[in-house]
Amino acid sequence: MQIKVTLHSILCELLPAENRGVATLDIVPGTTLADVSDRLGIKGRVIFTVNGKVVTESASRLHAGDDVQV
């Protein structure tokens, strides 16, 4: 399964410059926003949107094709 992740502001520096803050990640069923944060090295409180909707629970599970913005 894959999701698209877009990092904004200073967070885009967590990805290689050629990615311009956008990455496609392979995930397994049951992956949560917290898992993605850990994988990308995001620390502290951030605002997530998934498919255009603000998500406040880091335990929210992701699904194939989700568009995550941080």
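The values are calculated or read from the model by the stated rules, or taken from the named source; none is laboratory data. Values in this document were obtained by computation on a predicted structure and should not be read as measured data. Here the Cβ is made from the backbone with ideal geometry for all residues, glycine too, and neighbour counts use every protein chain on show. The accessibility values were calculated without ligands, DNA or RNA, using every heavy atom of the protein model including side chains. Shrake-Rupley method; radii C 1.70, N 1.55, O 1.52, S 1.80 Å.
Identify, from the list Thr6, Thr32, the residue that is crowded, with 17+ Cβ neighbours inside 10 Å, touching a residue at least 24 places away in the same chain (Cβ under 8 Å), hydroxyl-bearing (Ser, Thr, Tyr) and touching a strand residue (DSSP E or B) at 6+ places or on another chain (Cβ under 7 Å).
Thr6
Looking only at segment 55-70, count how many residues are open to solvent by 70 Å² or more (accessible area, probe 1.4 Å) and under 19 Å from Cys12 (Cα atoms).
Within segment 55-70, residues that are open to solvent by 70 Å² or more (accessible area, probe 1.4 Å) and under 19 Å from Cys12 (Cα atoms) number 0.
Tally up the residues in segment 30-59 that are in contact with a Ser or Thr (Cβ under 6 Å, 6 or more places away or on another chain) and assigned to a loop (DSSP other than H, G, I, E, B), please.
1
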